[in-house]
Amino acid sequence: MFNSEAVPHASSSDQVLRARAERVIPGGLWGHLNARLLPEGYPQFFERAESCRLIDADGRQFIDMMCSWGPIVLGHHHPAVDAAAAAQAARGDCMNGPAPVLVELAELVVATVPHADWCQFGKNGTDATTNCVTIARAGTGRRKVLVARGAYHGAVPWCSPSVAGVTAEDRAHLVFYSYNDIASLHAAAEMAGTDLAAVMASAFRHDMGKPQALPTPEFAQAIRALCDQTGAALILDDVRAGFRIDLGGSWEPLGVRPDLSAWSKAIANGHPLAAVTGRERFREAATRVFATGSFWCGAVPMAAAVATLRELHRLDGPALMRALGRRLRDGLEERAARHGLRIEQSGPPQMPTVLFADDPGWKRGYAFCAEALRHGAYLHPKHNMFLSCAHTEADIDHVLEAADAGFRHVAR
């Protein structure tokens with residue numbers, strides 16, 4: 001089934017493309033998509049994708065457990081999504097204004113998300129988180145925003161994990177707290193004083209390379225109470241987890257509803273789209289904030305999003321992915337124990353993180369993933385992975401077979 005030679009040789013298509021890219025792109029590629037950050041043997045370039053499988057530039061095939069770092073929620077080339085996108089493309093995409101599908105999608109999002117009285121669209125998750133912060137400041141007339149230490153909310157100066165090119169002024173109004181730590185939350189709010197505009201929280205703690213942590217109900221309720229008491233906005237960054245944990249929002253099972261939410265990744269099954277949803281209180285502020293882009297009214301991604309959300313409703317996508325994730329989690333635990341290894345599995349089952357205990361520098365994790373790749377499973381050694389509705393029990397079992405080879409290699 002799989003053709004996954006261990007390491008592409010120097011004249012492989014992948015290596016030739018890397019060399020060409022180096023000459024015209026700084027570093028060959030940028031950010032988290034750079035395969036140099038992964039174990040040796042991981043491909044940089046991909047020829048095509050289908051369902052839950054990737055085929056790289058050298059023809060090697062893998063079961064995809066990253067789903068394009070989250071956007072692929074129904075599977076690559078889902079027929080209903082492709083059909084909706086193609087039909088809209090035949091009518092028009094980037095025009096002088098939006099297509100009617102804009103209104104259809106907005107109505108569907110508002111009907112799907114219980115806290116949403118309105119929504120706006122953009123292109124990237126960073127667009128959505130930044131707009132949430134800007135709307136909160138416009139609506140409150142305040143400046144300070146509480147954010148969790150180590151949290152990722154995008155790649156622009158106010159929140160980027162990199163300090164290159166960033167000034168102190170860019171982050172002058174951020175105040176930090178520790179996720180799931182109510183005392184640190186209150187201490188941060190005390191520092192912000194009467195200038196508190198918003199508290200931003202990730203759907204769950206998903207810091208790179210560390211065990212993930214779901215929000216405790218007490219912590220989520222404490223943020224809600226703090227925002228109610230101070231008039232600040234509770235912003236939920238659901239860019240990564242939205243529509244995988246719960247279609248109504250990742251904190252809906254906790255009974256805690258935000259004032260503003262940021263969405264992207266899974267909203268359109270790989271088509272570039274992001275959204276902000278908000279309560280009535282912030283509608284007027286949202287009309288005053290100037291937020292736009294040349295491609296923000298592109299109709300094809302919106303048509304894809306309508307099809308994606310309808311299919312997720314039909315399948316009960318979160319429940320399907322949760323069941324598959326539990327099958328994966330149980331299988332990994334059993335196989336690791338069989339080889340005498342201890343692993344730490346964390347995060348929601350739909351978005352699993354697998355780390356080795358006592359593994360400074362992720363040495364075991366890298367060796368494990370490199371060997372699993374040779375056996376046809378594309379895993380990640382320190383970032384959370386993503387299930388999709390295209391994965392089947394048979395696919396998960398293939399991944400477990402590849403993982404078993406990885407555990408055997410580490411145990412040796």
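Annotations
- Scope region 364-393; condition surrounded by 24 or more Cβ atoms within 10 Å (Cβ to Cβ), part of a loop (DSSP other than H, G, I, E, B) and either among the hydroxyl-bearing types (Ser, Thr, Tyr) or at pLDDT below 95 (or both); matching residues: SER388
- Within region 397-412, being farther than 17 Å from GLY325 by Cβ and modelled with pLDDT of 95 or more holds for GLU401, ASP404, ALA405, GLY406, PHE407, ARG408, HIS409, VAL410, ALA411.
- Entirely in region 220-280, the strands (runs of 3 or more DSSP E) that have 3 or more residues that are touching a residue at least 40 places away in the same chain (Cβ under 8 Å) and either touching a Phe, Trp or Tyr at 6+ places or on another chain (Cβ under 9 Å) or under 15 Å from GLY70 (Cα atoms) (or both): 260-263, 274-278
Here is a yes/no grid of residues against (1) aliphatic (A, V, I, L, M); (2) assigned to a helix (DSSP H, G or I); (3) crowded, with 18+ Cβ neighbours inside 10 Å; (4) out of contact with any Lys or Arg (no Cβ under 6 Å at 6 or more places or on another chain):
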position: GLU40; (1), (2), (3), (4): no, no, no, yes
position: PRO43; (1), (2), (3), (4): no, no, yes, yes
position: GLU47; (1), (2), (3), (4): no, no, no, yes
position: GLU50; (1), (2), (3), (4): no, no, no, yes
position: PHE62; (1), (2), (3), (4): no, no, yes, yes
position: VAL81; (1), (2), (3), (4): yes, yes, yes, yes
position: GLN88; (1), (2), (3), (4): no, yes, yes, yes
position: MET95; (1), (2), (3), (4): yes, no, no, yes
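- For region 153-176, the count of residues that are under 17 Å from the mean Cα position of the chain (by Cα) and under 21 Å from ARG257 (Cα atoms) is at least one.
- Candidate set from region 364-398 (those that are hydrophobic (A, V, I, L, M, F, W, C) and without any contact (Cβ under 8 Å) to a residue 60 or more places away in the chain); member that is farthest from HIS339 (Cα to Cα): ALA394
- From the list ALA192, ALA111, the lone residue that is crowded, with 17+ Cβ neighbours inside 10 Å, more than 22 Å from the chain's Cα centre (by Cα), among the aliphatic types (A, V, I, L, M) and not in a loop (DSSP other than H, G, I, E, B) is ALA192.
The values are calculated or read from the model by the stated rules, or taken from the named source; none is laboratory data. As the structure is a prediction and not an experimental result, all values here were calculated from the model. Here the Cβ is made from the backbone with ideal geometry for all residues, glycine too, and neighbour counts use every protein chain on show.
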